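Input: a single structure, listed below in structure tokens.
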Amino acid sequence: MREGKKLFRESMLYPVFFMLIITIFFISILATLHLTTQDRIKEYKRIKLRTTILEIFALPLDDLDRYYEEHIREKKSGDIIYYVAFADTVVLGYCFPVMGNGLWGTISALLAVTPDFSTIVGFDILAQNETPGLGGRITESWFKNQFSGKKIIEDSTVLEFNLVAEGEITNNIQVNQITGATQSSKAVVKIITSEMKRIVGQFGKNYD
Amino acid sequence: MTKKEIFLSSAFTENSVWKQILGICSALAVTNLMSNSMVMGLGVIFTLALSGFTISLLREYIPKRIRMMVQTLIIASYVIVVDLFLRAFYPDMSEALGPYVGLIITNCIIMGRAEAFAGKNRPVDSLIDGIGAGFGYTLVLLLISTVRELFGFGSLLGREILGDWWTRWSIMVMAPSAFFMLAILIWIIEGPLQRKKLNKG
């Protein structure tokens, strides 16, 4: 019996067998963990999306789901879901999911504009993979909030923002970039312009 | 070696970062904010300790020729555990660390300890060795990030320390400063030891 065992451990099959067993073992542990945490992660994503949309339109957050259902309508155009914000029956603006390439990975964000599409109401980032502490600072509020209130369409052309150094005073078409994260700052500005062009192209003048 | 000696050796005298110059890439990448360093350090301690323990437990059975494959599998599994845990319970931290959690897998300290220690020693010793090595790594991260965050952002652990009068040193936020800080740190720690050795020789 001992001899047989020893032989098997020296055979060519043993490494294959060992790898197979250990892989199955660890994968089942990870699969279980994934299944037990996925609801939590999904719920967190849902809350994050709703909070972000309400925040962009400066709506109250204390009773998230109630305010969300009261003020926000989800609409579909093609396969794109976008959000319309109401205060009673007045349209506050439109909020579109936008995405594009950052330095390391995809940046996905929300861009909200006024009902006539001319001005940015707010911009917020949902997911990004930029360098923590450098490009990752695109999620800091001073950076995101500087887009609010800026004109995005003038004379029916989409404007492009210019970047100036962090801390400098900006005019209408300038935004402060993040020191040490020029590429990530550029990426955000590029996403806003190119996605805005796409949105205008898609919705034209009849965006109700 | 007693358990205490194992810990002290892997954390200080044989510190992976300043003695073996391992794990440098992540040590440089996450050290501009203390909070990022802290979570990265905890993730590495967890992975090091448990992967060391598991590899040591299986050391008699792991076929020599495929041991690296097995080590990678075990390390990767624990890293995914860390990643899922952060996503589910500390989503803000998970977002701040972005891709770096996944990169714990490629931290050479972990495979280094698996090869150098866990493959040859008993499970509990390997666990302690992992905690020690992780502690030493975290210590370096925290030392560097304290300086970088203080000078670069004027804050510590996200709390404002230096007021508005402080001109932030942008270089401290950027990657090059991490190289300078690490070199200075090694110089401070290893300099006297090297000089002692020279005098004796």
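The values are calculated or read from the model by the stated rules, or taken from the named source; none is laboratory data. Predicted model, so just to flag it, every value in this text is computed and none were measured. Heads up, the Cβs are rebuilt from the backbone with ideal geometry, glycines too, and the neighbour counts pull from every protein chain shown. Ligands, DNA and RNA are excluded from the accessible area calculation, which covers all protein heavy atoms including side chains. Shrake-Rupley method; radii C 1.70, N 1.55, O 1.52, S 1.80 Å.
Values computed for the structure shown
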item: Of all residues making up the range A:132-179, the number that are open to solvent by 60 Å² or more (accessible area, probe 1.4 Å) and in a loop (DSSP other than H, G, I, E, B); result: 11
item: Meets criteria (farther than 16 Å from B:E5 by Cβ, aliphatic (A, V, I, L, M) and in a helix (DSSP H, G or I)) for B:L127; result: no
item: Whichever residue in the range B:56-70 is more than 11 Å from chain A (Cβ to nearest Cβ) and part of a helix (DSSP H, G or I) and, among such residues, is modelled with the lowest pLDDT; result: B:M68
item: Selected residue [of a type in the set (S, T, Y), under 23 Å from B:S35 (Cα atoms), out of contact with any Cys (no Cβ under 6 Å at 6 or more places or on another chain) and modelled with pLDDT of 90 or more] from A:S194, A:S184; result: A:S184
item: Given (1) farther than 18 Å from A:L59 by Cβ; (2) at pLDDT 90 or above, index of the condition A:N129 fails; result: (2)
item: Residue tally, condition touching a Ser or Thr at 6+ places or on another chain (Cβ under 8 Å) and of a type in the set (V, I, T), over the range B:155-201; result: 3
item: Some residue of the range B:36-52 being more than 10 Å from the chain's Cα centre (by Cα), aromatic (F, W, Y) and either within 10 Å of chain A (Cβ to nearest Cβ) or open to solvent by less than 20 Å² (accessible area, probe 1.4 Å) (or both); result: no
item: Residue within the range B:75-86 that is among the aliphatic types (A, V, I, L, M), at the interface with chain A (Cβ under 7 Å from one of its Cβ atoms) and open to solvent by less than 60 Å² (accessible area, probe 1.4 Å) present; result: yes
